[in-house]
Ligand SMILES: [Fe+2]
Ligand SMILES: [Fe+2]
């Protein structure tokens, strides 16, 4: 017999779940970025990944402030999406090791990560606004702006160097 359960979850629950999702994701990204920096062939690529690693540390701290505003412990929730994006990046690192197209591949993985983060922060900002979480909005907005700037830098790196280098035979 089919039973209908009343589900009392609201936008507050969605907000907290999604905050846990991006908190988990940022921590995974923090671990992945030094590996990407080591793998990158260009000095600019290495420096870019390391700079974003430092920014990511700050982003995690801002997320912890958002948990604090909610009066909740900062806890992550497994994000399979980011795990999948990061493992595809690791696949590129293995399969294109020593190839002139490696950096173009690394940049493409990093941009998939940034776009995931941009999607999450966009949603969290909209929900924080709806829920009247005024103090959370600027914290999330600061993270979003860093992700967008990183995405733009990656595009520039690809278009000014990595893609052309990757198109040449080794
Ligand atoms: Fe981030
Ligand atoms: Fe990022």
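Out of the residues in region 35-57 that are within 13 Å of ligand 2 (Cβ to nearest atom) and touching a residue at least 60 places away in the same chain (Cβ under 8 Å), state the one that is surrounded by the fewest Cβ atoms within 10 Å (Cβ to Cβ).
55
Hey, among the residues in region 122-133 that are part of a helix (DSSP H, G or I) and more than 16 Å from ligand 1 (Cβ to nearest atom), which one's farthest from the chain's Cα centre (by Cα)?
Restricting to residues being part of a helix (DSSP H, G or I) and more than 16 Å from ligand 1 (Cβ to nearest atom), the top hit is 130.
Considering region 74-121 alone, what residues qualify as being outside any helix (DSSP H, G or I), surrounded by fewer than 20 Cβ atoms within 10 Å (Cβ to Cβ) and touching a residue at least 24 places away in the same chain (Cβ under 8 Å)?
74, 75, 76, 77, 78, 97, 98, 99, 100, 101
Within region 1-13, does at least one residue satisfy the condition of being part of a helix (DSSP H, G or I) and surrounded by 20 or more Cβ atoms within 10 Å (Cβ to Cβ)?
no
How many of the residues making up region 122-136 are surrounded by fewer than 18 Cβ atoms within 10 Å (Cβ to Cβ) and without any contact (Cβ under 8 Å) to a residue 40 or more places away in the chain?
The number of residues fulfilling the criteria is 5.
Yes or no: region 137-146 includes at least one residue that is within 16 Å of ligand 1 (Cβ to nearest atom), touching a helix residue (DSSP H, G or I) at 6+ places or on another chain (Cβ under 7 Å) and free of Cβ contacts under 8 Å to residues at least 24 places away in the same chain.
Yes, the conditions are met somewhere in region 137-146.
Quick note: the coordinates plus some simple rules give every number you see, no bench work behind them. None of these values were measured; they are calculated from a predicted model. Positions of Cβ are backbone-derived with ideal geometry, glycine not excepted, and every protein chain shown enters the neighbour counts.
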